[in-house]
Amino acid sequence: MKLYDEQQVRKTIALLKPDGQLFEARAIYGDRQVYSGYFTDADTLLNAINRMPEKDCNVYITLNTLNNACYSRTQKDRFEKNVKNSTSDNDVQGYDWLMIDLDPKRPSGTSSSDEEIQYAKDTGNKIYNALKILGFEKPVFAYSGNGVHLLYKIHLANTEEMRQLVKKCLDVLHLMFSDEKVDVDPKNFNPARITKCYGFLSQKGSNTEERPHRLSFILGGYDYYRNIKTTDVEYLRKLADLVPDEPEKPQSYNNYNPRTFDIESWFDKHNIGYRTVGYNDGGTKYILDHCPFNENHNGKDAVVIKRNNGALSYICLHASCQDKHWREFRMHYEPNAYEKREQYQERMMYGQFNRDKKPEPKKIQKKEGEPIFFTAQMILDRKYPEESFIRTGIDVIDRKMRGLKKGHVSVWSGLRASAKSTVLSQICLNAVDTGNNVAVYSGELTESNFMKWMNLQAAGKSRVREGRYEGFYETPIEIQEKIAKWLGTHFWLYNNAYGNNYRAVIAEFEKKADENKLDLLVLDNLMAFNISDMGYTKWDAQTAFVQSLCSIAKSRSLHIAFVAHPKKANGFLRFDDISGTADLGNAVDEAYIVHRNNNDFKRLSKEMFKWSDDNEVYEGTNVIEIVKDRDGGNQDVFIPLYYEVESKRLKNGKAENKIYGWDRNDSPLPTLADFENAEDGSEPIPFD
């Protein structure tokens, strides 16, 4: 069998070492003779290898960016045996690739069997799916000859912090996916790491029918990888955080206070079936009989990992459970496990008071069964309707305000292009995703343009494709159809062909609320309505408008969010700058201002709040400010969000990758075996 396939070697160098990037190649022979050479192109490498003996030779190359001074070493453009200086970690300027190496477990010095390679492929598919769910970009897929490689393009400096991050990522994958048959190598974290030079023969042990020598190669055509994207460092941090370093710390208030968390006793206490896989170098993996959030998630898909220091994590490999971690897992069995005393007391306090009383008449008319004055005991004994909230998907709002409260009205404002409509479109999707019914009035957008934007947000960056023009993205029609089916009878958009008279439009929304039990109504925006018949002056009409919304929200127990543009502001935009009568600000229950983090925002906010340049607010591309919160009193709370160009989403963190209900099912994302072999760049070849 020939030592190499020239076309595959050229593809490897073109993809992994583009534009004449320096790399070291090593030819390692079965008797452990090592030859080293530095090269910048495939031609010189192949000419040099042709002068070497072929017997028992395995060829490797460095993965990452080298200091160009290494090219001046004696083995420039040729191989030398037993050189004094080869590539060390200090010779590497930065990381280009995160290499995930799946090697079947077998006796040392032997090649893999077909069965062992198939198991590595199956595990590689699971890793690919799991990282796709996390938001990683597509990798380079490769066979090493004896196993499977996934190479994710990254761009990290060669610092101790980044070394530890890469090491932690591989540790997490090792703990999650290694088992008795395959090992996800956790040692490939050092910057000077070498990998198989794909296109060369893998020669370990004797070349037998059961364990043959095989050619290594990169799957798929060159065009598919031509514009492969870099996975942002925040996604690596997200992966690393799946298995935390800090141990579980139970507290006395949740009635579970051992000195150390005995996970196996806890499993037994809650009748959780599991089997154990131990790793001396990292911890213990407990494979659960099934996921508690969906019993169809079984096999090896749901695991608890306990590090040697006691740190615990829960991971389910299905898209529908990507937001379920140890905290959610534990609270599934112990709902009060993390509830602090003050949070509990606050919740109890809010449950005892009715904040939605109607204005009192001039002369009080006594109502049967209703006292004019309450005693504290009467209030304590009284039964009140349970408060209900709509989760926005914006973490700080959902945590501090519990979401959008039904029966309340919120106003959203901000300067032009600050992303007000973007935020509300995303909140609509999250509302549907959490089981709510939503209706929208979008007076400034046609129905097709509205859905173009919402479809991109619902699809996410891994499901959209680049459009005809640079910077534009579109949702494939088959994805649009799935999103439409998912939205189904939970989402309605008003047809602007029926006009914009507020009284007429709101009457239709009231009918829709009664017929379909709406939970959220979004009106974008106040200025798009004709409210001239609601008052003698503009201010009277706006007062009647907002009072009407408050009445509808309370009587039908739904949340109404409307957009009001600001007046011209000479300084930093504040609540008083929202256009409209003072009654508008007084009547609404919550108010938010959406800011775009541009130079004006930074300059004006520094002038007003004396913030320093390193304030975390400036990290986001956009900022939501809570300026009024009737229930909780929150104000001057600034929430940085991160705009994603491909999906038009505003994310809580750079690495957030929310998967909505249309894309969640009882199986993981499609494996590589579901893709067709295509050399035209459309899809990767499968691990089949």
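Fewest to most neighbouring Cβ within 10 Å: what's the order for 611, 662? Before the final figure, lay out the partial values.
Working: 611 15, 662 22.
Arranged by neighbour count, lowest to highest, 611, 662 become 611, 662.
If amide hydrogens are placed 1.01 Å from N in the peptide plane, which non-local residues have theirs closer than 5 Å to the one on residue 523?
441, 561, 562, 563
Residue 539 versus residue 43, label points 7 Å from Cα toward the beta carbon: distance in nm?
Each label point lies 7 Å from its Cα, and together they span 8.1 nm.
What are the ³J(HN,Hα) couplings of region 538-545, residue after residue, when phi is run through the Karplus curve with 6.51, -1.76, 1.60 and θ = phi - 60°? Round to Hz, x for glycine and proline.
For region 538-545, the Karplus curve yields 4, 6, 4, 5, 5, 4, 5, 4 Hz.
Is it possible to state the helix-based mean residue ellipticity at 222 nm for the chain, with each DSSP H run of 4+ residues giving -39500 (n - 2.57), the sum divided by total residues, to the nearest 500 deg cm²/dmol? What is it?
Numbers: 18 runs with 195 residues, N = 688.
Taken over the chain, the calculation gives -8500 deg cm²/dmol.
Given just the C-alpha atoms of the chain, how large is their convex hull per residue in cubic angstrom? Show your work: numbers first, answer last.
Working: hull volume 138.8 nm³, N = 688.
Looking at the chain, the number lands at 202 Å³ per residue.
Could you tell me the relative contact order of region 6-227? Use alpha-carbon pairs under 8 Å, at least six residues apart, and round to a whole percent.
Details: 431 pairs, mean separation 57.5, N = 222.
Dividing the mean separation by the residue count of region 6-227 yields 26 percent.
How many nm separate the modelled label positions at residue 179 and residue 387, each set 7 Å beyond the Cα in the direction of the Cβ?
Roughly 4.6 nm, to one decimal.
Residue by residue through region 185-202, which ³J(HN,Hα) values in whole Hz follow from phi under the Karplus form 6.51 cos²θ - 1.76 cosθ + 1.60 (θ = phi - 60°), with glycine and proline marked x?
4, x, 8, 8, 9, 6, x, 8, 4, 9, 9, 4, 7, 4, x, 9, 6, 9
In percent, what relative contact order does the chain have, based on Cα pairs under 8 Å that are 6 or more apart in sequence?
Details: 1283 pairs, mean separation 87.7, N = 688.
It comes to 13 percent, rounded to a whole number.
For region 516-632, what D do you get in µm² per second when you plug the Kirkwood radius from alpha-carbon pairs into Stokes-Einstein at 10 °C and 1.306 mPa s? Each step should come with its number before you reach the end.
Working: Rh = 16.1 Å.
So the translational diffusion coefficient is about 99 µm²/s.
So what's the net charge close to residue 10: Lys and Arg +1, Asp and Glu -1, counting the other residues with Cβ under 12 Å from its Cβ?
On the way: positive: 11, 17; negative: 5, 6, 41, 43.
Its environment carries a net charge of -2.
State the extension gain, in nm to one decimal, for the chain segment bounded by residue 416 and residue 207, taking 0.36 nm per residue of separation less the distance between their alpha-carbons. Show your work: numbers first, answer last.
Working: separation 209, 0.36 × 209 = 75.24 nm, distance 6.85 nm.
Additional length available on full extension: 68.4 nm.
Give the Rg/Rh ratio for region 6-227, taking Rg as the radius of gyration of the Cα atoms and Rh as the Kirkwood radius, to two decimals.
On the way: Rg = 16.9 Å, Rh = 17.9 Å.
The Rg/Rh ratio comes out at 0.94.
Placing unit charges on C-beta atoms (Lys and Arg positive, Asp and Glu negative, everything else neutral), compute the dipole magnitude of the chain about its Cα centre in debye, rounded to 20. Working shown, then result.
On the way: 95 positive and 101 negative charges, 260 e Å.
Its charge dipole is roughly 1240 debye.
Whole-Hz Karplus ³J(HN,Hα) for region 653-662, in order, using 6.51 cos²θ - 1.76 cosθ + 1.60 and θ = phi - 60°, x for Gly and Pro?
Per residue, the Karplus-derived 3J(HN,Hα) values read x, 4, 9, 5, 9, 5, 10, 7, x, 5 Hz.
Report the net charge of residues surrounding residue 24, where surrounding means a beta-carbon distance below 11 angstrom and charges are Lys +1, Arg +1, Asp -1, Glu -1. Please report the intermediate quantities before stating the final value.
On the way: positive: 17, 26, 73, 76; negative: 91.
Here the charged neighbours net out to +3.
Explain nothing, just the number: dipole magnitude of region 1-79 about its Cα centre with +1 on each Lys and Arg Cβ and -1 on each Asp and Glu Cβ, in debye rounded to the nearest 20. Numbers along the way, then the final one.
Values: 11 positive and 10 negative charges, 30 e Å.
Once rounded to the nearest 20, the dipole reads 140 debye.
Using a 7 Å offset from the Cα along the Cα-to-Cβ direction at both residue 613 and residue 228, what is the distance between the two label points in nm, to one decimal?
3.6
Find the centroid of the Cα atoms in region 427-463 and in region 106-181, then give the distance between the two in whole Å.
Cα centres, region 427-463 to region 106-181: 36 Å.
For residue 325, which sequence-distant residues (separation of 5 or more, or a different chain) have an amide H within less than 5 Å of its own amide H, given hydrogens modelled in the peptide plane?
Here nothing satisfies the definition.
Counting only residues 5 or more places away or on other chains, whose amide H sits under 5 Å from the amide H of residue 188 once H atoms are built in the peptide plane?
none
Coordinate-derived values only; no laboratory data. These figures come from a predicted structure and were not determined experimentally. Methodologically, a virtual Cβ is constructed for each residue, glycine included, from the backbone with ideal geometry; neighbour enumeration extends over all protein chains shown.
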